[in-house]
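What follows is calculated from the coordinates using simple rules that are stated; it is not laboratory data. Everything numeric in this text was worked out from a predicted model, so none of it was measured. Note that we place each Cβ from the backbone using ideal geometry, even for glycine, and neighbour counts take in every protein chain shown.
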Amino acid sequence: MITDRSVSCTTFNILAPIYKRLSEKDQGCRESQYRSYWLSRNESIIDRLLGDRSSIICLQEVWLDNEELVNLYEKRLGDAGYVNFKLARTNNRGDGLLTAVHSEYFRIIDYQKMLFNDLGDRVAQLLRVESVVPLCQGCTSSINLQIIIVNTHLLFPHDASLCIVRLQQVYKILQCIETYQNDNNLSSIPIVLSGDWNGSKRGHVYKFLRSQGFVSSYDIAHHYTDSDADCHKWVSHRNHRGNICGVDFIWLLNPNKFRKPLRISWKEAVFGIIKLIICSLLLQYLLHSASLSKENAFAFLKVDSPGDYIHYTGFCQALRQWGLIGQRDGLCHEDVKYLWAQADIEGDGVVDFEEFQRCIWSPRWSEHPDESSEEWTELGSGTETRMTFGFSVKDAVLFPPEVERGMWPENYSLSDHAPLTVVFSPVKLS
């Protein structure tokens, strides 16, 4: 008998009452001051979660400082068969993460905490779970699929300099996963990253994860590409500035996907941020009176370096002026030396125009590998004893339905984020 059992994952930033503003005129008036308000809203959130009955629930901005609210989630989710894991942000920020795993679908093998200890006091949860019901019964042996699940909430980019901090947070997560896989010999295991990434499809975090082989489950389900035309087809958040954007993702990495060396992907992402900053500053400096050429960009980064070269001191000076180094959670000395070594291709201590163009301005690298190389077959088409399993994306839904069309309904009151639910179907990978 062949068992093909779909599983689902929901990610939802539920907007902690300590952050929910009740009045535009009085910014200090928060929902946390009114018990009936936050209690009613969170009861409705739990009703929706239990109605969806996802196999795994990843919540962000859970008001962990409030014992009554925490008990509410633990009791109602626990009574419904979920095993709950909480992780507060560092430095007593008041909120944190909650990951709930339904015991009917998965058993917990391991749980680890990731504390970034950065200016945003952000954290992440890593869970390794195993399917309760074997995916392939009647074969030579029963196969229980193991998965690595990560739940996180990245820093909000209040200004451009914080882009590097968010990139560093994702880099830490991927480093932790890589170390965990190596320590536990888990190369052939799918990885699911869920949470509020506080960045859109046009951002560097998105490109960084794509270069590591991850796919956005929602975009795969709806056949959206990484093109600019598809960047705003859906939204999941209306922020405190009134802007709407898509920032909530459930990322999937199957074990048969090509992955670049992590440090290489990180380097490419940092150079991308440097290029973006140069473009932004050039536009301000030139006041749109001149073309945004690579020659102008090279001269801008060269600063006061003698000759027609960028020198290491000038490179460091520019990074410091842009807030990428010299502050907490920016690039460290080893990072800068590594970037410089990558840019100085010839190793002569300077970066000439050709090296600048190849490494920073027009790098010849792909943001993600060719997805056509990924092949799978539905379970039950063979009886091999050695199999690699992963997931195909069966469906993905955002609520309320208006956000799937790029609009934010004014009558939606559960949160300033939309819950995203993805249904995965186990597959045998080629």
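Of the cross-linked pairs 20/201; 113/267; 86/257; 86/233; 201/267; 172/267, those separated by over 22 Å at the C-alpha level are 20/201; 113/267; 86/257; 86/233.
Only helices reaching 20 angstrom along their own axis (Cα) with mean Kyte-Doolittle hydropathy no lower than -1.0 count here, and for the DSSP H runs of the chain these are 35-52, 163-184, 262-286. Every Cα-Cα pair in the chain was counted, and those over 34 Å apart are 36% of them. Loop-located trypsin sites (Lys or Arg not before Pro) in the stretch 180-221 (DSSP state other than H, G, I, E, B) with a sparse environment of at most 15 neighbouring Cβ atoms within 10 Å: 202. The label-point distance for residue 345 and residue 258, in a model that sets each label 7 Å from Cα toward Cβ, rounds to 2.0 nm. The value of relative contact order for the chain, using C-alpha pairs under 8 Å at least six residues apart, is 19 percent.
In this calculation the C-beta distance from residue 36 to residue 103 is compared with R0 = 35 Å, giving a FRET efficiency of 0.60. Note the full-extension length gain between residue 352 and residue 394 as 0.36 nm times their separation in residues minus their Cα-Cα distance, in nm to one decimal. Stretched fully, the residue 352-residue 394 segment lengthens by 10.2 nm.
State whether the stretch 107-229 is rounded, prolate or oblate according to the following rule on the C-alpha gyration tensor (a ≥ b ≥ c being the square roots of its eigenvalues): a/c under 1.5 gives rounded; otherwise a/b larger than b/c gives prolate, and the remaining case gives oblate. Show your work: numbers first, answer last.
Numbers: a/c = 2.61, a/b = 1.52, b/c = 1.72.
The shape class here is oblate.
Inter-label distance, residue 332 to residue 176: 1.6 nm, where each label sits 7 Å from its Cα along the C-beta direction.
Under 16 Å of direct C-alpha separation, and excluding same-chain neighbours fewer than eight residues apart, residue 394 reaches these lysines: 428. Here each label is just a point 7 Å from Cα along the line to Cβ, and for residue 293 and residue 53 those points are 6.6 nm apart.
Given their separation in residues at 0.36 nm each and the Cα-Cα distance between them, residue 92 and residue 67 gain 7.6 nm when the chain is fully extended.
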